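Asks: This structure is in structure tokens; I'll ask about it shortly.
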Amino acid sequence: TESRMDHPSPRMRRGPTNPSQMKLVAKMKEGDAFGEMALQTDGKRKATIHADTDCQFATLERDDYKSVLSEFMTRQHQRKVAFLALVPLFAEWSPTSLDRLANAIYTRECKRGDIIYSQGDHPSEIFLVKEGDFQMRKSVSRKRPLDRQLESMRRVEMKTP
């Protein structure tokens with residue numbers, strides 16, 4: 001039997017689109033994928049794809065893609081809920097609350113030596129360690145509180161005419 005990959009898509013065409021009159025926004029190579037955003041949003045294509053060389057590619061129809069994506073997203077969500085249930089901060093939360101929280105979190109990655117935030121930064125999020133080790137460090141003043149207070153008073157006296 002022949003697969004869909006053995007037949008050209010009825011949508012493929014040679015056309016009047018002149019690549020030299022369009023802005024290049026990305027180059028794709030073996031292993032890259034394109035076209036998924038329009039399927040996920042049910043929107044129109046945001047770019048024209050032009051074959052630079054003779055190419056062979058596989059396609060995945062909308063319904064198949066959405067089915068696979070849905071299964072993946074469900075598994076990913078279940079893993080998030082299971083992770084959150086193990087975080088002591090959320091140990092007493094109800095399954096419904098954990099489910100809602102799992103919809104709001106996303107995973108970020110960093111490399112060894114990266115600074116996640118610095119002392120004095122304004123907070124906008126909390127961080128839940130999923131994997132790896134972090135160090136929390138704090139600037140330490142060697143002066144005692146009374147010494148700092150006297151130094152502050154001296155600075156005020158020096159500025160006052």
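The values are calculated or read from the model by the stated rules, or taken from the named source; none is laboratory data. The structure displayed is predicted, hence computed values, not measured ones. As a convention, Cβ positions derive from the backbone with ideal geometry for all residues, glycine included, and neighbour counts pool all protein chains shown. Areas reflect the complete protein model, heavy atoms only, side chains present, ligands, DNA and RNA absent. Shrake-Rupley method; radii C 1.70, N 1.55, O 1.52, S 1.80 Å.
Asks: Only residues in the stretch 58-83 that are within 21 Å of Asp32 (Cβ to Cβ) count as the first member; pair them with residues that are open to solvent by 70 Å² or more (accessible area, probe 1.4 Å) and part of a helix (DSSP H, G or I), Cβ under 6 angstrom, at least 6 apart or cross-chain, and list the lot.
Replies: Ala58/Met5
Asks: Residue check: is Glu125 within 20 Å of the chain's Cα centre (by Cα), open to solvent by 90 Å² or more (accessible area, probe 1.4 Å), at pLDDT 90 or above and of a type in the set (Asp, Glu)? It would help to see each step written out before you state the result.
Replies: Details: within 20 Å of the chain's Cα centre (by Cα): yes; open to solvent by 90 Å² or more (accessible area, probe 1.4 Å): no; at pLDDT 90 or above: yes; of a type in the set (Asp, Glu): yes.
Spelling it out, it is not the case that Glu125 is within 20 Å of the chain's Cα centre (by Cα), open to solvent by 90 Å² or more (accessible area, probe 1.4 Å), at pLDDT 90 or above and of a type in the set (Asp, Glu).
Asks: Collect the residues in the stretch 50-105 that are over 22 Å from the mean Cα position of the chain (by Cα), surrounded by 13 or more Cβ atoms within 10 Å (Cβ to Cβ) and outside any helix (DSSP H, G or I), keeping them in residue-number order.
Replies: Once the filter is applied, which keeps residues that are over 22 Å from the mean Cα position of the chain (by Cα), surrounded by 13 or more Cβ atoms within 10 Å (Cβ to Cβ) and outside any helix (DSSP H, G or I), the stretch 50-105 yields Phe57, Leu60, Trp93.
Asks: Give Arg142, Arg155, Arg148 a once-over and let me know the one that is at pLDDT below 95 and assigned to a loop (DSSP other than H, G, I, E, B). Give the derivation first.
Replies: Working: Arg155 fails: assigned to a loop (DSSP other than H, G, I, E, B); Arg148 fails: assigned to a loop (DSSP other than H, G, I, E, B).
One residue alone meets the criteria, Arg142.
Asks: Given the options Gly132, Gly120, name the one that is open to solvent by less than 90 Å² (accessible area, probe 1.4 Å), under 30 Å from Asp32 (Cα atoms) and of a type in the set (Gly, Ala, Ser). Let's see the steps before the verdict.
Replies: Working: Gly120 fails: under 30 Å from Asp32 (Cα atoms).
Being open to solvent by less than 90 Å² (accessible area, probe 1.4 Å), under 30 Å from Asp32 (Cα atoms) and of a type in the set (Gly, Ala, Ser) holds for just one of Gly132, Gly120, which is Gly132.
Asks: Give the residues of the stretch 93-129 that are farther than 20 Å from Val81 by Cβ and not small (Gly, Ala, Ser), sorted by residue number. It would help to see each step written out before you state the result.
Replies: Our first condition is that a residue be farther than 20 Å from Val81 by Cβ; within the stretch 93-129, this holds for 109-124.
Across the stretch 93-129, the qualifying residues are Glu109, Cys110, Lys111, Arg112, Asp114, Ile115, Ile116, Tyr117, Gln119, Asp121, His122, Pro123.
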